[in-house]
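The values are calculated or read from the model by the stated rules, or taken from the named source; none is laboratory data. What you see is a predicted model; the values in this text were computed from it and never measured. Glycine gets a Cβ as well: all are built from the backbone with ideal geometry, and neighbour counts include every protein chain shown. The protein model used for the area step is the full one, side chains on, heavy atoms only, and it has no ligands, DNA or RNA in it. Shrake-Rupley method; radii C 1.70, N 1.55, O 1.52, S 1.80 Å.
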Amino acid sequence: MSKRYSIFLTALFCAFLGGMALLSLLLPKESFSELENRYLQKAPTLSLSAIESGKFMEEAEDYVSDHMAGRDLWVALKAWSERLSGKGENEGVYFGKDDTLLNQVSDPDETQLSQAMDFLNLLAEQSPVPTYFGVIPTSAAIWQDRLPEGAPTADEESVIRELAGESRAQTVDIYGALAAHAEEDIYYRTDHHWTSLGAFYGANAILSAMGREPLDLADYTPITVSDSFYGTIFSTSGVRWVPPDSIEVYVTEDGVSVTSYPKGEPEPGKLYDASYLTKKNQYAYFLGGNQPLCVVRSEKPGAEGRLLLVRDSYADSLTPFLTERFREIHLIDLRYYRASLQDYIRENGIDEIMVLYGYSSFTTDRNLFLLAK
């Protein structure tokens, strides 16, 4: 390679970098990425303390990365390059069989997990009504046969069995209920949640543990409300070659009313909010997405009793099935709800409590201390 050609390539590369920097600087800045379903890094605040701690440089690097011109294209190209190089993973997401994206799940922090169980057991001991506990495994645990060969992931079954042994609440075997139907579409391929079919099997596991009559799948005709759903795993993976998921519903809204408390005050809610089907976060179609408190009332035949469901977002698609057996379902999300659970139980005449979390949420959530409040 001649010296002149080397200079030309260097100049071309510098011009490209300068052009990208200028374009990134001039383009309007977005605060939220619909594709990745997250808020983007804001411009860092310059201060002596931020410089000394390294926070300024960290935030500056994230800001440049988040607002680079053509960022979505570069993210997709990186995922393609990983795939073409023979790798089965990108950004902590495995490229699974059958166009399935699976999160890599880390082993839990034993100390944090032990504390979480202590809080759960305090709830079970203090509550005047029966308390139940269940952990929903990730798709990587149930669909292990779809993982790339040799792909490491946590032994969720062992952890869940261990938690069941430590629990003073009555445990619900969600893992076994889902594993028995592992050949079915019980999780979304592009999202971490279970599908409505998976939620059906989860609901029956809960109802059986509570001594209530299980539901019959033959009584339902699923209706597809979306065939263009790309979920959270798709958003973080950079993968853009897999087809979308479909969202189905089994239970009608007839005889069901919903009261939501997004800001502490009651507002009319919906069991199914169709407005979200035109947005990126289509899973929020169920109950309208994350909120501190939501009360669902059912007038369906055979529905009786009041259930307190302390939960994460998996419960959103589970709740329609529970309306078939419970007159009231009170959903509390401890990420946003700070009041006393014991006070809520007494004031609202709760008959049974169900603590239900996805595996990743239960093993990492720092808000579980509120179970004992």
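Summary of values
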item: Qualifying residues in region 244-260 (those that are open to solvent by 30 Å² or more (accessible area, probe 1.4 Å) and either among the charged types (D, E, K, R) or within 20 Å of the chain's Cα centre (by Cα) (or both)) - the one farthest from S317 (Cα to Cα); result: P244
item: Counted residues, region 273-287 - those being open to solvent by 20 Å² or more (accessible area, probe 1.4 Å), without any contact (Cβ under 8 Å) to a residue 60 or more places away in the chain and not aliphatic (A, V, I, L, M); result: 4
item: Number of positions in region 224-268 that are within 22 Å of D191 (Cβ to Cβ) and either of a type outside the set (D, E, K, R) or part of a strand (DSSP E or B) (or both); result: 27
item: Pick from region 257-291, criterion among the small types (G, A, S) and in contact with a Ser or Thr (Cβ under 7 Å, 6 or more places away or on another chain), ranking: farthest from T232 (Cα to Cα); result: G269
item: Hits in region 326-373 (condition: of a type in the set (A, V, I, L, M, F, W, C), free of Cβ contacts under 8 Å to residues at least 60 places away in the same chain and open to solvent by 20 Å² or more (accessible area, probe 1.4 Å)); result: A339
item: Close pairs from region 99-122: first in contact (Cβ under 8 Å) with a residue 40 or more places away in the chain and farther than 22 Å from E166 by Cα, partner in a loop (DSSP other than H, G, I, E, B) and among the charged types (D, E, K, R), Cβ under 6 Å, at least 6 apart; result: D99/R189; T100/R189
item: Hits in region 158-196 (condition: crowded, with 19+ Cβ neighbours inside 10 Å and of a type in the set (A, V, I, L, M)); result: V159, I160, L163, A169, V172, I174, A177, L178, I186
item: Residue match in region 260-277 (condition: touching an Asp or Glu at 6+ places or on another chain (Cβ under 7 Å) and either at positive phi or among the small types (G, A, S) (or both)); result: yes
item: Subset tally (residues that are farther than 19 Å from G198 by Cα and acidic (D, E)) for region 280-333; result: 4
item: Residue count for region 275-302, restricted to those that are out of contact with any Phe, Trp or Tyr (no Cβ under 6 Å at 6 or more places or on another chain) and farther than 21 Å from Y337 by Cβ; result: 9
